[in-house]
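Below is one structure, written out as structure tokens; comments come after it.
The values are calculated or read from the model by the stated rules, or taken from the named source; none is laboratory data. None of the values given here were measured: they were computed from a predicted structure. Note: ideal-geometry Cβ built from the backbone for every residue, glycine included; neighbour counts use all protein chains shown.
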Amino acid sequence: MMRAGAVWFRGSREARRVTTDSMTRRRRYLVYHSNPLVAEDLRETLEATGPCVVEVVASSTGVPRGCYDVALLDVAPDILVTAEEWSWVLGASRMVVALSSGLTDAGPSGGTAGEASGIVLLPQPFRSDDVLDVLARAGIPIADSV
């Protein structure tokens, strides 16, 4: 007998119940950028990838703590690692992307120094396609309509 809101798997002695909510979980993104227009553009790009929740913050004091699939932050990698208001993001996110104008030598594919510490570098200026490439590298599925 099938219950509404659940999927039953065969093949084990006890059926494992998995809710449909966990199967269609929305991705969570955190966006911080000093320029509100860039932050809004990032939000629109991320929302076009499929079901997700994008939290855009204007300062480090307004960051809602939680787990994120990807955090895109206009913060230098050394500050992400050392500053207390940002360092928690490294452990709470599947991927952290540092959006910094000082990273021009890294190129849109990222740089080894940042990736060694678990931070993907995306130098500014960047295009929406550069953001989508970073998400694809993280294994984030992108909707066909993007």
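Some points to look at:
- Whichever residue in the range 47-73 is outside any loop (DSSP other than H, G, I, E, B) and loosely packed, with under 12 Cβ neighbours inside 10 Å and, among such residues, is modelled with the lowest pLDDT: 62
- Matching option when the condition is under 21 Å from residue 141 (Cα atoms) and modelled with pLDDT under 85, among 23, 95: 23
- Within the range 74-90, tally of residues that are assigned to a loop (DSSP other than H, G, I, E, B) and in contact (Cβ under 8 Å) with a residue 40 or more places away in the chain: 2
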